1. Which residue fluctuates most in the GNM of the chain (Cα springs below 10 Å): 52, 24, 74?
2. Of the listed values (1) 8.4; (2) 5.1; (3) 5.7, grab the one calculated as mean projected area of the Cα convex hull in nm² from the structure here.
3. For the pair residue 76 and residue 46, what calculated FRET efficiency results from E = 1/(1 + (r/R0)^6), where r is the Cβ-Cβ distance and R0 = 22 Å, to the nearest 0.05?
4. How much mean residue ellipticity at 222 nm does the chain get from its helices, if each DSSP H run of length 4 or more adds -39500 (n - 2.57) and you divide by all residues, to the nearest 500 deg cm²/dmol?
5. For the chain, set up a Gaussian network in which alpha carbons nearer than 10 Å are linked by springs, and say which option among 27, 16, 68 fluctuates the most.
6. Using Cα-Cα distances under 8 Å and only pairs 6 or more residues apart, what relative contact order does the chain have, in percent?
C-alpha cells in the first residue's frame, strides 16, 4: 500500500476520474483539479467528482491548471497536509 499525496489534473474527466479512483484504492490522498472544460458534458464530470467525494482522502478544486494564484498554495505545501 502506498501513502502520500498526489495532485491530479483533469480529474473530473473519464481518464482523470479513473486515475483518482486507482490512487485512492492504493491508499493515496488525492487533490484533484478540473476546469470543467466542455469536452465532456458538465453533468458527466460532476457525477465523477460526486462519486469520488465519498472518500475522506479526496479533495476537489474547480480551477484551471493555468491559474497560478490558485495552485501556488497547493504546490507550496498544501498537499502535505492531506497525508493520512
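Computed from the coordinates by the stated procedures, all read-outs in this text should not be read as laboratory data. It should be emphasised that the depicted structure is a prediction, and the values quoted were computed from it without experimental measurement. Reconstructed Cβ throughout: ideal geometry from the backbone, glycine too, with neighbour counts over all protein chains shown.
1. 74
2. Comparing each candidate, only (2) matches the computed number.
3. Here the calculated transfer efficiency is 0.15.
4. Estimated from H runs of four or more residues: -10000 deg cm²/dmol.
5. 68
6. RCO, the chain: 36 percent.
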